[in-house]
């Protein structure tokens, strides 16, 4: 299969703006809301959302990066352990409304691990999930996004590849490709 | 790569620079974990670890036990003073009996150099050396390197003087290997009777004058005089050792720079280190202890992580 474009730069921008407006609608003045980007790829989306929210609503929503490596359920089931990324949260989530932000929702296992990791920072009042791409019918856990950019039908043999200009790609884009056999 | 090149941590000598870097990077993540309101992660919840200590230990055993518990491992402790070792059981038999109870990893301290290496060839479990006689103490070297990295940002290019009883010190040997792998310059300093004869062959500088050593270094790692391992007198008296090699505020104030003081503990206050130095801002001794837990979590996590 050829690489197929899921979202182009313009569509991603529209979705990010829509996310912001949906958040404003649901969270008023954000006085009890925090955003957490799920490592490794969530923080890029999160930073864009935080910046856009400041532009659109003039609010600076507290945000942090959450790494769930030590909470994953596939430890000792892989050939070698995953390398952890930085967790950077300088607030407690106790009593807060938390929005978890990631790029792609696939099996739901990372989100489960992330919720487990998040609990180390307190008991949130409410947790919501925001993803750019929701891979339909691939879930292992009963986890659904509250905010999604687009839904795509995919096979196990496929990857959703997210490219960002700040990572050295020509422009922002999200592709559907076949997994490369190593 | 996020995988160690070895199944056991027996010493620093036989692991690669990449291994050391991977352990230090992972330890940084665990340091963040142990500073969270809830300091525990579930990674090793299906692992059982036996801490087998044939020699006395406070810090290392507590540090390993805390590291294991914060990774959610099941922990059993064993010390030789109240065990069947006293009844004549061999090391391999003792450990195999413990492993028969489905233990996955063994953390061992032993008075004989090479005991963990011997064990690793004879039993089926990941072995972590928590000090073998006068040979190696790898996790201490790793936490020392981690503490230096945390203080200075990098270990490469730093000058580290190891001062004291080098002859009987497993910390010294592991530190030399570890620091050199990371690109630091190492000097050893102590009375000539407490320096191993061929220590220069490891590529370290040797200095007998403690003032010159302190002037040269960025970090001074001060070691304890290990009287329990000294069958003969290596110096006339502790008082004389303290006069010539003890580090005090006056000595440090004569230097034209501020150096960092480390000590693996336990400190003999007034012998190798005076209280005015041990309790000063220059000393990072308690940081070393905190980092010890994070580094040991990293070692256990990485060793246990491979598919079994």
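Could you give the alpha-carbon Rg of the range A:87-162 over 2.2 N^0.38 Å, rounded to two decimals? It would help to have the intermediate numbers written out before the result.
Numbers: Rg = 13.4 Å, N = 76, 2.2 N^0.38 = 11.4 Å.
Normalised Rg, Cα atoms only: 1.17.
Inter-label distance, residue A:141 to residue B:232: 6.5 nm, where each label sits 7 Å from its Cα along the C-beta direction. Overall dimensions of the range B:1-124, expressed as equivalent-ellipsoid semi-axes from the Cα gyration tensor (√(5λ), whole Å, largest first), are 26, 18, 14. What the Cα atoms of the range A:14-111 give is an Rg and a Dmax of 14.7, 47 Å. Note on chain B: GNM, Cα springs under 10 Å; of B:202, B:99, B:66, the largest mean-square fluctuation is that of B:202. Taking every residue in A:113-120 and counting other chain Cβ atoms within 10 Å of its Cβ, the average works out to 2. Only DSSP H runs of four or more residues enter the estimate; each adds -39500 (n - 2.57), and after division by the residues of chain A the mean residue ellipticity at 222 nm equals -8000 deg cm²/dmol.
Could you work out the relative contact order of the range B:116-273, using alpha carbon pairs under 8 angstrom and six or more residues apart, expressed as a whole percent? Working shown, then result.
Values: 259 pairs, mean separation 34.3, N = 158.
Result for the range B:116-273 is 22 percent.
Calculated FRET efficiency, residue A:169 and residue A:55, Cβ-Cβ r, R0 25 Å, to nearest 0.05? Don't jump to the answer; show the numbers that get you there.
Values: r = 23 Å, r/R0 = 0.93.
That gives a FRET efficiency of 0.60.
Modelled this way, with points 7 Å down the Cα-to-C-beta line, the labels at residue B:156 and residue A:91 are 3.8 nm from one another.
Specify, per residue and in Å³, the volume enclosed by the convex hull of the alpha carbon atoms belonging to the protein assembly as shown.
Per-residue hull volume (Cα only) is 185 Å³.
Taking the empirical scaling 2.2 N^0.38 Å for compact globular proteins as reference, the range A:139-182 has a Cα radius of gyration ratio of 1.42.
Across peptide A:74-80, the average count of Cβ atoms from other chains found within 10 Å of a residue's Cβ is 6.
Note on the range A:138-182 and the range B:219-241: Cα centroid distance 62 Å, given to the nearest whole angstrom. Shape of the range B:241-308 from the C-alpha gyration tensor: prolate (a/c of 1.5 or more and a/b above b/c, with a ≥ b ≥ c the square roots of its eigenvalues).
Figure the gain on full extension for residue B:197 and residue B:256 (residue separation times 0.36 nm, minus the Cα-Cα span) and round it to one decimal in nm. The partial results should precede the final answer.
Values: separation 59, 0.36 × 59 = 21.24 nm, distance 3.16 nm.
My answer for the length gained is 18.1 nm.
Can you tell me the FRET efficiency between residue A:22 and residue B:282 if r is taken as the Cβ-Cβ distance and R0 is 45 Å, rounded to the nearest 0.05?
Details: r = 54 Å, r/R0 = 1.20.
With R0 = 45 Å, the Cβ-Cβ based efficiency is 0.25.
Modelled label positions at residue B:96 and residue B:5, each set 7 Å beyond Cα in the direction of Cβ, lie 3.2 nm from each other. Put simply, the convex hull of the Cα atoms in chain B casts, on average, a shadow of 16.0 nm².
When DSSP beta bridges are limited to those with both residues in the range A:1-147, what percentage is antiparallel, rounded to the nearest 5? Beta bridges within the range A:1-147, antiparallel portion: roughly 5 percent.
For chain A, averaging the sequence separation of C-alpha pairs within contact (under 8 Å, six or more residues apart) and dividing by the residue count gives a relative contact order of 24 percent. Across peptide B:35-43, the average count of Cβ atoms from other chains found within 10 Å of a residue's Cβ is 5.
By DSSP, what percent of the beta bridges with both residues in the protein assembly as shown are antiparallel, rounded to the nearest 5? Kindly include the intermediate steps, with their values, before the conclusion.
Details: 10 of 68 bridges.
Among the beta bridges of the protein assembly as shown, antiparallel pairing accounts for roughly 15 percent.
Could you put B:178, B:217 in order, starting from the residue whose Cβ has the fewest other Cβ atoms within 10 Å?
Details: B:178 31, B:217 24.
Ordered by Cβ neighbours within 10 Å, fewest first: B:217, B:178.
By other beta-carbon atoms within 10 Å, ranking B:38, B:163, A:12 with the fewest at the front produces B:38, A:12, B:163. Counting every C-alpha pair in the range B:188-263, the share spaced more than 16 angstrom apart comes to 54%.
The alpha-carbon atoms of chain A, seen along their principal axes, cover 47, 40, 30 angstrom, with the largest extent given first. Would you look at the GNM of chain A, springs on alpha carbons closer than 10 Å, and say which of A:56, A:15, A:99 moves the most? In this elastic network of chain A, the residue with the biggest mean-square fluctuation among A:56, A:15, A:99 is A:56. Here the range A:80-101 and the range B:166-215 have alpha carbon centers that stand 42 Å from each other.
Compute the Rg/Rh shape ratio of the range B:124-250: radius of gyration over Kirkwood radius, all on alpha-carbon atoms. Numbers along the way, then the final one.
Details: Rg = 14.7 Å, Rh = 15.1 Å.
Value, to two decimals: 0.97.
Taking other C-beta atoms within 10 angstrom as a stand-in for reagent exposure, B:281, B:287 fall in the order B:281, B:287, fewest first. Across chain B, the relative contact order, built from alpha-carbon pairs under 8 Å that are at least six residues apart, equals 21 percent. Between helix B:138-152 and chain B there is an angle of about 60 degrees, using the helix long axis and the longest principal axis of the Cα atoms. Estimated from helical segments only, the mean residue ellipticity of chain B at 222 nm is -11500 deg cm²/dmol, where each DSSP H run of four or more residues counts as -39500 (n - 2.57).
Each value in this text was obtained by applying a stated rule to the coordinates, not by laboratory testing. Bear in mind the structure is a predicted one, so any value in this text is a computation, not a measurement. Here Cβ is always computed from backbone atoms with ideal geometry, including for glycine, and neighbour counts include all displayed protein chains.
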